[in-house]
Amino acid sequence: MPDNLIPGAILCLPFAAAVLTWLMRERGHNRAAWLMTATALLGLALSLWLAPAILAGAVLRQTIPWAGSLGLDLVLRVDGFSWLMMLLVCGIGALVGVYARYYMSPDDPLARFFALLLAFMGSMLGIVMSGNVIQLVFFWELTSLFSFLLIGYWHNGASARDGARMALIVTSGGGFCLLAGMLLLGHIAGSYELDAILAAGDAVRAHPWYTPTLLLVLLGAFTKSAQFPFHFWLPQAMSAPTPASAYLHSATMVKAGVFLLVRFWPVLGGTAEWSWIVGGVGLVTLILGAYAAMFEQDMKGVLAYSTISHLGLITMLVGLGSALGVVAAIFHIVNHATFKSSLFMAAGAVDHEAGTRDLRKLGGLYRVMPVTATLALVAGAAMAGVPLLNGFLSKEMFFAETLAARQGPLLDAISVVIAVAASAFGVTYSIRFVRGVFFGRMPADLPREPHEPPLWMRFPIGFLALACLLVGVLPGRVIGPTLRAAAGAVLGADTPAYSLAVWHGLTTPLLMSVFAFVAGCLLFASLRRRFDAIETAPLTSRFSGRRLFERALAVFAADWPQRIERLYPSRRLQSQLLWIVLLALLAGGLAATTAPLDFRPHWPSVDPAFALLWLLGAACAIGAASQAKFHRLAALVLSGGAGLVSCASFVWLSAPDLAATQLLVEVVTTILILLGLRWLPKRIAGYAPEGWRQRFRRRRDIVIAMAVGVGVASLAYAAMMHPVADSISRFFLERAYAEGGGHNVVNVILVDFRGFDTLGEISVLAIVALTVFALLRRFRPAAESISAPEQQRQQTVLENGAPGRAADHSLTDYLMIPGLIIQLMAPVIVLFGLHLFLRGHDLPGGGFVAGITVAVALILLYMARGARWVESRLRVLPLRWIGAGLLLAVLTGLGSLAFGRPFLTSHFQYLELPLFGDVPLATALLFDLGVFATVVGATILMLIALAHQSLRRPRQAPTAETGGQG
């Protein structure tokens, strides 16, 4: 495989494995765990295959055409820095997979866990390999989504739900800011390609929009990497299973923020704003996280706050403004990943074997878990910065850069003091973690009898502890070439000279390390007895970011909506629709006054027949409005008459495709309203006379409706008569057959020229259908009493996602429609729908119209014979229709990528068949088939769910209140 194709394979592997893992959810946890491990190992092997090219300084690119006219292509870009991150993501991912196999209980839904973990891995790989900043933001938000699902994996617990919600709100909010910042960056650089932006650093820093761009990008990075004041979400994420926590804290999620800071340092760094904001936030986060970690009682809580502190250290290094600081930041990203993932796995092993994570209840486990204790001791010493371990080397570089900073005498002195203090705090919480768990007196009342975890559960901990030792002893050989390639990819020709030697002589940074180590040990000795008695860190507990977040959430989610509701207390749908219509009228009016449109009529005369047709439609509309209060069924029939006039207008204006769509949409809408009429309250015999308020409201509504109707019609007419509209239509008319292979211009536009829009529309349709179904499955209309077995059967049917045998009654019982006629019509309607589908590329028709036609046939059968009769003869599975349709549409679009063409590019040619001659074939037919299946599934899902609710009442005689008026 060529080197430039390997990044695409690495990116696709985790997502493909996630889908496969989800599909094998009934086959035990072993296969899912080993599939994840194998996927990560394969990704690691493919990444190592790129080593010769990357170490030689090459930058590998793989471009997949997407939306070239918008400057958006799928670009995978691998340089030394992204390659280093790929090694971390895949390597630690493989170790986490092995560890999770023995940590997770077989009773948990493990297929879901491993599928989410694999998708999480793929999302992080997408971030580090993205060569397009919009694409980077997409994967950025995917990590937020999958971390939300992993943190809330055990969703039965309130802490898991709250932590997941908090993480999602904070990180996705930062993601929106990042998107805005990337849009500004692309605008300034003139391209969204990462290479073009990295090359435009001088232009970006000199641009007037530099400051807002910088703030938006930093908000995205700070929220993701839990920097002050957004650090509070990370400790709340400890409800996630320990394997997910180990992965999230070491190689994914939180590392995305510092990765972004390092990646865009050549573009946004080197200014006073960058130094003050990034350096200041990193400094505060460094000391705040280290201070809070000393007083935590939960093992994972200690590690969470220590992660915040170390992320602050990396951020501060990037904010110092020196190239050597960037090198040290990259080095510490690797070192932190190794010792932190090892410590998280050790904490999980203790929790797994002892049954608790509370430091006050633990101690003396070295006697029964000597191997785990030794490995945790090595990783903890690396976190504390003990010599001959990797954490010591990057801490030395951090001290050296702090001493070399030139931000002003006062600020330089404060930075040195805080760096030493944070390092001393790091020694304290590292000693407390290791000693509090593995040394001292062993408690007798542990929830479980502790013992060594299985060998393969210890293997990842030991491998990472060994890595900490090897990097600390032989840094030049173990990590030197990789670090040099990563630093060179970021800094280019500005890469400074540096040394990874273990001994640099008796230097000031070494003295600072010794002082910090001694101070940390003395601090632990002096506060050891107080640690167990303190629940939260003193001083900082009063200024809890979590508390501020919860207050803000209460204001935005509860307080403000309640105030708005008090200001506008009406819950009537008509009042809410009135405001929507008025806002639409206002927006249309503003558009009409600002757009260069000509509203003068351009026809010499009006055809009397056409005018009469429109007068008929207007009469039907007015009649529907006037009858809505007295006779609902009559109002429904009249509104259908207005729709038929619209359909006839399309035919008159030579738009048969629109006419067919309008006709079928009218049919579906009529059925939908007909089913919904049974939920409306019953009429009361003898209406009271209207008061002046009712008369005013009705007259006001008809005036607004007429104004909106006339305004929309005028705006549409003026837009269609504009010269630009003619040029657009001419473009499609000239290219429909030459480039799309179809004579039906409307269908070619939908499945070819604007195929991406159509894919989005059917996706929205599927989401709407699922939402309607989810609402209806829990909705219970006010109805006569139903027996408990019948209620249970109907609830089971709705929860299974498919229609069932919920009712034996049909609407023909109430509407007196001959069921046999509808039963005989249904096959004819289905056949007609297939006819519309097959002819759609050249003649009026297409997948959308055909899908509605087939759906109408099925729902008419439900109305004619009832759900039980239909479902005893047909397996109606709307969810599978929707899934198959979306999958087919996406696969059709991806097929063009295999031939090096943009997504959803169609191919057309004639195929010579015996007896038939030349038969036109287009790949757009497959896409249209996906549209057809999605429309059928979505329409049936909504209508049948509605029908099951509407048809559940026992048969009763039509009355003036119910039967006569629907």
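FYI, it's all coordinate maths here, none of it is from the lab. On a predicted model such as this, the values are computed, not experimentally measured, just so you know. So basically every Cβ, Gly included, is an ideal-geometry build from the backbone, and we count neighbours across all protein chains shown.
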Could you list His310, His332, His841 so that the one with the fewest beta carbons within 10 Å of its beta carbon is first and the one with the most is last?
His332, His841, His310
By count of other Cβ within 10 Å, fewest leading, how are Met720, Met238 ordered?
Met720, Met238
Sorted by packing (mean other beta-carbon atoms within 10 Å per residue), highest first, where do 704-712, 291-299, 34-42 land?
291-299, 34-42, 704-712
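Could you list Val371, Val471 in order of exposure, starting from the residue whose Cβ has the fewest other Cβ atoms within 10 Å?
Listed from fewest to most nearby Cβ atoms, that is Val371, Val471.
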So the angle from the long Cα axis of helix 573-594 to the longest Cα principal axis of the chain, reported in degrees to the nearest 10, equals 90
Given the Cα-Cα distance of Val368 and Tyr737 and 0.36 nm per residue of separation, how much length would full extension add, in nm?
125.1 nm
Nearest 10 degrees, 0 to 90: what angle lies between the long axis of helix 299-319 and the longest principal axis of the chain (Cα atoms)?
90
For the stretch 698-712, in residue order, the Karplus 3J(HN,Hα) values (coefficients 6.51, -1.76, 1.60; θ = phi - 60°; whole Hz; Gly and Pro = x) are 5, 5, 4, 5, 5, 5, 5, 4, 5, 4, 5, x, 5, x, 5
So if each residue of separation counts as 0.36 nm, and I subtract the Cα-Cα distance between Val772 and Arg61, what length gain in nm does that give?
251.6 nm
Net charge near Gly847 (other residues with Cβ under 15 Å of its Cβ; Lys, Arg +1; Asp, Glu -1) is -4
Using alpha carbons only, how many degrees (0 to 90, rounded to 10) separate the axis of helix 158-189 from the longest principal axis of the chain?
80
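Given a cut-off of under 8 Å on Cα pairs at least six residues apart, what relative contact order in percent is computed for the chain?
9
Where Lys and Arg each count +1 and Asp and Glu each count -1, what net charge lies around His310 among other residues with Cβ under 13 Å from its Cβ?
For residues surrounding His310, the net value is +3.
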